[in-house]
Each structure stands twice: as structure tokens, then as C-alpha cells.
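The structure appears right after this line, and notes come after that.
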Amino acid sequence: MPRLSLHDSKSRKTVAFTPLDPENVRVYYCGPTVYDLAHIGNLRAMVTADVLVRLLRHLYPRVTYVRNITDVDDKINARARENNEPISALTARTIRDFHDDLAAVAILPPDIEPRATHHIEQMQRMIRELIDNGHAYEAGGHVLFSVADYPDYGELSGRSADDLMAGARVEVADYKRAPGDFVLWKPSDADTPGWDSPWGRGRPGWHIECSAMSYHYLGESFDIHGGGSDLLFPHHENERAQSMCCHPHGRFANHWVHNAMLLVDGEKMSKSLGNFLTVRDVLRDTPAEALRLLLLRAQYRSVLNFTRDGLDDARQTLDRFYRALAVLPDAQAADTTPPPDSFVAALCEDLNTPAALAEMHAMADRALAGDVQGARDLRAAGHLIGLLGSTPDVWFRGDAQVDGAKIQALIDERLAARKTRDFARADAIRDELAQQGIVLEDGPGGTTWRKA
RNA sequence: GGUCCGGUGGCAGAGUGGUGAUGCAGCGGACUGCAAAUCCGUGAAUGUGGGUUCGAUUCCCGCCCGGACCUCCA
């Protein structure tokens, strides 16, 4: 079995992955703040996590994958006010949409999906401990983490305290001892969600939830913590500082995984540029599997440029793969073929999905040459990374908005016309079907049809 | 301004201190009544200037260009 190498953001090196407990690999990923539909940038992080967890499950007997939901946040409060709806309605709907979108692109659910609002007690306990051991202080109704009290602060993101001061955008608040100090707990007014606490009615700061919930479900040391590279600072740096100060004998995350950002047509996705794409926007006119494949065509640490052409390419690649699977006599039959070692080995090199896809092309070559084992290998490889979960029939013909019998009648009529060398009629039939989005293919085994 | 990451053929995108994967597109051919699909063949790339080395796309430095982050964006 190939061994997994994984890039670690903290050491900035690709290192051999060694689980703390090989019987139970523990992974924590930052999930969504539920105030709006997931966009394709969010999706990239979720797909990266999904591939990583699928691979870990292939390599190890058990994986515990925790992905949180942030359901208390000022953006949520603001959006609920804008929409004039209760916060609980907004978060419930957004969570449902998020689950639907992820399921559409074959992302498996995490083992545990804790919600911040269900873990206020754990957060308060942690904040109390941080105050007790001198790493946090109360000021102006807030509880703040004192950055100066954690010598390793900045180690994860590779910044020094001086660097942080150099940035002119640090929020200076008069109740902070140092500008870099960040909020653990903040006061809520009567119109804002809040919980009673020793520091008054209030709500948690952003970072504390991940520290509290990862500790609660995975312990003071766990294997992998991941998210988008934009979370490296401040979110993950702050999580780490809190956790290490609260549990000084633990290591918090042993290994940090961050995926690079996604561009749309070469530019950062933003609402003002008008290139902001939700998962739903894309899925309106693209098969979900093509979107997933597009995200896997670049290695997760490379910036990925999302384009319409790229999506079309991905779709074509899937055409080829499903054509290759069509050589299987029993496209749906259960089959225990393991994914080939060369394929797993590619994934084990820091999730090198482009190299893994190149392996799949080689398998497709074999399958298209008539090698049934090649097709089995291809299917097994695809399944490992959440692809090829459909069948050629469904991929090419869909769940039928068309009348198959009618198409077959036309195919028969065309065949008769061709026999009498009436090619004008034969081509007219093909054109007619093409108008309806149906493509005919004359193969050695007869004529078949598919959606355009 | 600070920190970090990256610049590979027309496009997408890997790897590597010693003849530069893979896919799409292109070109030529086979198959086909014509297509589609498939197959065979083929042209085409390491931003720039130095350094280290027998040899650099790979390692080091400068420059240019792009991107991310710098208090709540995956």
C-alpha cells in the first residue's frame, strides 16, 4: 500500500503523514458560515477535504471526520435582518441548501457536524480556563486573547508580531491591550443573539468555536486540520493559540492542510466584479460531476482558474471515461476490484489529482481497446475520488425527458433508408434528432443515441 | 508597506539535477455513404538576468509579472 505524503502548512514542507493513532485518524475541517448559498470557492475546500478523507479511509481502518457549521456570526445576524426573517430560519435553510449542494457533487457527509450554537458551554469553559491561566482578559465587556502571552503566536502562518503591526488594517480598539489581541467573547445587545456568561450576556468570537469543538470531539491533539488558505491567518493562527494555551500538553493539529484559492476567468471571485458563482449557478446547466472533475484537475495547492472552457473540457473527459465504462458487460454490478496502485500512489503524493487523472486516462485507453479489467480499474479509481458514480446509460441519456421508443423508431427508419442508399432521408432523420439534442452514433454494433 | 505562494506548448495542467506526463485544441492518416466515436502518426513549452554544477526547467540570488493573506472571505 502506498504511503501518504502531505504538505504541512506549518512546516511548509511535504512530509510523510503519520497518524497519531493509526486505528483512528482524526480530521477537522472548517465548514461554512451559514448565511448564504455555498459558492464554488467554498466547494473547492469541501472537495479537497472529501478527497483527502476518502483516501484516508482507503489507507486506514477508521477515520473520524469533523466539519463544523458556524451558525452564530455577525454576517448571519445582518443577513437575517436584511431578509426580515428569524435567524433560525436563515441558518436552517442555508444548512439544508449546503447539504444539498455538497451531495450533488458527491461529497460524503462528515462523521460529526457540530454546530457552534450547540457548543456554547464548551466554548465558555475554554474561555474561563484561558482567563484563569492568564492568557485572556476581560475588558469593556469583551474577553480578549492576549497575543503577547503566547510566544509561538505567528508560527503557523509565518508571521512575526512586527509583521502584524506593519499591516495598517489591524482594528484598534481602546479596550485591547495590544492591537493583535482578538475577541473570545463579546457582548450582545437585546436584539442580538446572546447567551448568559460570567462576562455578561454575549456571544462567542469567531475562532473559539473550532478550538472548543475540535477538543470536544477529537481531543487536545489530532491529525489534520484543514481549510482554505485564507483561513491560515488569522483564523487558524488564533485557533491554535487558544488551543495550545488551554491545552499546553497537546499539539492541537499535527498537520495543517490548506487549499489554494479559486479564480473565475482569471480574477478573484467577487460580487462587485459580477463573477460570483454559487454552486447552484453552475449546476443549473452543467452536470455536477463535471464541476467536481474540474476542481480535481488542478492540485489542491495550486490556484485554480475556473472557466466555462474548463467546465466543457471536464465534461468531455467524463464522456470519454463513461464510454470506456460502457465496455463493462454489467455496468451496475457490484465489483470488488481495488483501485490500481499507480493511481493510489499518485493521490498519495500530496493528493496529486492531476497525476491520478492521467492514470485514469491510461485505464480508459485500455478499456476502449476492449480490456474489461481496464474498465473495472477505471471505475474503481473513479469511485475512490468520488467520480464515475453513475452509469454510461444515465450519463449519456439522462433520466429520459425523451421518448426512447420514438427515437428507436427513427433509428430503424434511418437504417432502412441507408440500406436503400437513400442518404438524404437518413441525414434528414439525423438532423431532425440533432435539433432535439439527440446525437446518433453508428458503431460496429449498430446505431446508438445520446444527449448532445 | 509586510509575509507567503507561483510563473511549463494555443489552452488546461503534472513531474524531474541528465533525451519535459496527461487532457483539450491543431495538423496528417485509418475507419465511415457522410458524420460521431475510436485508433495511428505529428508539430508545439520551462518569464528574465546572473550564480552553483560536467550538466538547471528543477538548487541559490536579483529583476519582471501574477496571486493569496495582513481581525472575522474556502
Inset, instruction - Could you check how many residues of segment A:85-138 are assigned by TED's automatic domain parsing to the domain that holds A:ALA45, in a loop (DSSP other than H, G, I, E, B) and of a type in the set (Gly, Ala, Ser)? - result: 1
Legend entry - Search result, residues across segment A:418-445 that are open to solvent by less than 60 Å² (accessible area, probe 1.4 Å), more than 8 Å from RNA strand B (Cβ to nearest atom) and touching a helix residue (DSSP H, G or I) at 6+ places or on another chain (Cβ under 8 Å): A:ILE429, A:LEU433, A:ILE438
Inset, instruction - Among the helices (runs of 4 or more DSSP H) lying completely within segment A:360-426, list those that include at least 1 residues that are among the aromatic types (Phe, Trp, Tyr). - result: A:392-397
Inset, instruction - Look through A:ASN133, A:ASN24 and report the one residue that is surrounded by fewer than 22 Cβ atoms within 10 Å (Cβ to Cβ) and either small (Gly, Ala, Ser) or touching a Phe, Trp or Tyr at 6+ places or on another chain (Cβ under 9 Å) (or both). - result: A:ASN24
Inset, instruction - Tally the residues that are open to solvent by 40 Å² or more (accessible area, probe 1.4 Å) and near RNA strand B (Cβ under 9 Å from one of its atoms), restricting the search to segment A:27-79. - result: 6
Legend entry - Among the candidates A:ALA326, A:ALA334, A:ALA369, A:ALA358, residue that is more than 14 Å from RNA strand B (Cβ to nearest atom), surrounded by fewer than 19 Cβ atoms within 10 Å (Cβ to Cβ) and outside the structural domain of A:LEU108 (by TED's automatic domain parsing): A:ALA334
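The values are calculated or read from the model by the stated rules, or taken from the named source; none is laboratory data. No experiment lies behind these values; they were computed from the predicted model shown. In this analysis, Cβ positions are derived from the backbone assuming ideal geometry, glycine residues included, and neighbour counts consider all displayed protein chains. Remember, those area values only see protein heavy atoms, side chains included, never the ligands or the DNA or RNA. Shrake-Rupley method; radii C 1.70, N 1.55, O 1.52, S 1.80 Å.
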